[in-house]
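The structure appears right after this line, and notes come after that.
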Amino acid sequence: MEKMLLRFPCVHRLVSDCIWTPAHNKQRVLLLRKSCRIAQRFSTASGRCSSKEGQNSDAPPPDSELASRRSLLSRRRRQLSPLERISSLLPQEVLSTEVEQLREQIQQQQHDGDTNIHRKAFEQEQREAETVPKQEDLETYEAADAAEVANIPSHTEETADRPPGARLLTFGELLIAEYRKNRRVEFRKMFQLQAGSRLQSSWGVILHEDIAGHPAGCFLKTSRGVSIFIRRASLEDYVLYMKRGPAIAYPKDAANMLMMMDVTEGDCVLESGSGSGAMSLFLSRAVGSKGTVVSLEVRKDHHKRAVLNYERWRKSWSLHRGEQWPDNVEFYNADLCTASPLLSGRAFNAIALDMIRPHLALPTVLPHLYPGAVCAVYLANITQVIDLLEGLRCCGLPVLCERITEMPVRDWLVAPALQKDGQFHTRQAPPTEEDETHTAEEDSANDGSSPAFGSVPYIARPHPEQMSHTAFLVKLRKYTH
C-alpha cells in the first residue's frame, strides 16, 4: 500500500492535509484503502479515455455548426489532475481550508477560460461576416483595379526612349541578378530565363515571366518588395558563375595571357587543358570567325564539361545579339604529349598551356609554333615554375623565358561620405568673420537640394574583400639558331 502511495504523491499529500483532527483517526485506514482503489482506477481509466477520444476523432463531424463548436470547446477543456479528481470524490467536511481554496481557484480559472473561448468564437463570427464583400463592393474593387491598370504606362511608352537596336530580355538568355546594400553586393546569381521558372532569393521571389519583355539593366521588385537589379551576363560573368569541373583561368589572368600571345583575329591557337572551357571562350572571341582554336583535354569528364559550357554560351549569345557566336573551337579528348598525329600538318600563331607538367609537352608542340611566337604557360604553384625552367635547361629547347608574372587585382571602395540619416556630408570651412557665404551654403543644404560640386567629401580605401593568388604566368618565346 505504501508503494502505491509513493507512485501517487498527490494522494498522500491530500490525505495528510485532510486528516488533521483527532476525531478522524478512526477513518484513517479506511481513507487510505479507498485512496489506493481510486489510484488504481485512475491508472486504468486514462487508457479508456484515450481510446474513446480516438473513436470520437474518427467519427464524422456533425452537420450542425453549433454541435461542431460545442465539440471544439469540449476538446479544449483542460484535463483534471489526480489531486483534483481525488478531492472531488472526498466529502466536503474532510477537506482542509487550503484544498478548498485550491478547488475554488481552479474552478474560477476554468470558468474564465470557457468565457474567453466563447468570446473568441463570437469575434470570429463577426470578422467572417465583415470580410464577405457585397456585390456593390465587388464592383467597386473591379473598377479600382481597372483604373490602376489604366494608370500603368504601356509597353510602347516605356520602349519609346530606348536606343534603336536594343533588344528586350527573352527566354533562354543568361541573366545576372544583383542586390546591393550599403555599397556591398549582398546577392548575385546567374540564371537562365525560362518559362514557368522563378528567381528565388532570401529577399523574395520574382517570376521569370515578369522578367521577360523588360529591357536589360532594370530594377524589378520581389514578392517582399525588394528591388533586384537584372542585367545580361557578360563573358566575364559567365566564366565566373558557370558550372565547373576543375578550376578556371580567371579573367584577369586570361586577359594577360592574350596580351602575352598577341592573339588577333584570324590566328590559329593551340590550347592544352580545356578544363571547364573558360580560356577556350576567351580565345574563341579573340580569333574571331576567321580563326581557329584547337583545345585538348586529357580527362573525359573535363572535356565534356568544356563542350557543354561552350555551347551554352553560344546559345545565349545568339538570343542576345541576333547572330551566331563563331563555332571556331575544336575540342579533342587527347593527351598533348602523344598528340603528334593530331597536330601534324598544323602551324600555330600562339600556344596556351594549362598543365601540371608543361615541360613534358613542350618538345611535342614547339615544332608546330611559328618562330618568334609566344607560348604562355598558366601555373598555380611556384614549384611548378621551377620545374618548368629546369626542364627547359635540361632539354635545351629553343625558347626564351621572358617574363614570370603574377597578376594581383586590388579593388577599391570609393563613395561619397554619408551621415547616419542618409544625407551627404558637406565640407566645413574654418569659421571667418564673413559668414554670409557660409550661411548661404547651409541654407541651400537645408533646402534638400543636392550639395554643390566639390562640397561632398569622399571615402577611399581598399575593398575589404580582395581576390587572393590565382596563378603564375610564364612567357616563353621561340627563337631560331
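Quick notes on this structure:
- Residue ID - surrounded by the most Cβ atoms within 10 Å (Cβ to Cβ), chosen from residues in the stretch 368-382 that are over 22 Å from residue 246 (Cα atoms) and of a type in the set (A, V, I, L, M): 374
- A Cβ distance below 9 Å, combined with a sequence gap of six or more or placement on separate chains, defines the contacts here; from the stretch 214-236, residues that are acidic (Asp, Glu) reach residues that are open to solvent by less than 50 Å² (accessible area, probe 1.4 Å) in the pairs 236/251.
One line per residue, one yes/no per condition, for (1) open to solvent by less than 80 Å² (accessible area, probe 1.4 Å); (2) in contact with a strand residue (DSSP E or B) (Cβ under 7 Å, 6 or more places away or on another chain):
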{"residue": "345", "(1), (2)": "no, no"}
{"residue": "351", "(1), (2)": "yes, yes"}
{"residue": "362", "(1), (2)": "yes, no"}
{"residue": "366", "(1), (2)": "yes, yes"}
{"residue": "384", "(1), (2)": "yes, no"}
{"residue": "388", "(1), (2)": "yes, yes"}
{"residue": "396", "(1), (2)": "yes, no"}
{"residue": "421", "(1), (2)": "no, no"}
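- Matching residues in the stretch 206-219 - criterion: being in contact with a Leu (Cβ under 9 Å, 6 or more places away or on another chain) and open to solvent by less than 50 Å² (accessible area, probe 1.4 Å): 206, 208, 211, 212, 213, 215, 216, 218
- Taken across the stretch 257-271, residues that are surrounded by 14 or more Cβ atoms within 10 Å (Cβ to Cβ), closer than 21 Å to residue 314 by Cβ, modelled with pLDDT of 95 or more and touching an Asp or Glu at 6+ places or on another chain (Cβ under 9 Å) do occur, with at least one present.
- Just one of (1) closer than 27 Å to residue 168 by Cβ; (2) open to solvent by less than 50 Å² (accessible area, probe 1.4 Å); (3) touching a Gly at 6+ places or on another chain (Cβ under 9 Å) fails for residue 224. It is (2).
- Summed over the stretch 467-481, residues that are open to solvent by 40 Å² or more (accessible area, probe 1.4 Å) and touching a Phe, Trp or Tyr at 6+ places or on another chain (Cβ under 6 Å) total 0.
- Residue satisfying condition, being over 23 Å from residue 168 (Cα atoms) and not aromatic (Phe, Trp, Tyr), within set 233, 249, 195, 216: 249
- Residue within the stretch 337-352 that is modelled with pLDDT of 95 or more and touching an Asp or Glu at 6+ places or on another chain (Cβ under 6 Å) present: yes
The values are calculated or read from the model by the stated rules, or taken from the named source; none is laboratory data. In this text, all values refer to a predicted model and were calculated from it rather than measured experimentally. Because the Cβ atoms are built from the backbone with ideal geometry, glycine has one as well, and the counts that use them run over all protein chains shown. Side chains are part of the model used for accessible areas, which takes the heavy atoms of the whole protein and leaves out ligands, DNA and RNA. Shrake-Rupley method; radii C 1.70, N 1.55, O 1.52, S 1.80 Å.
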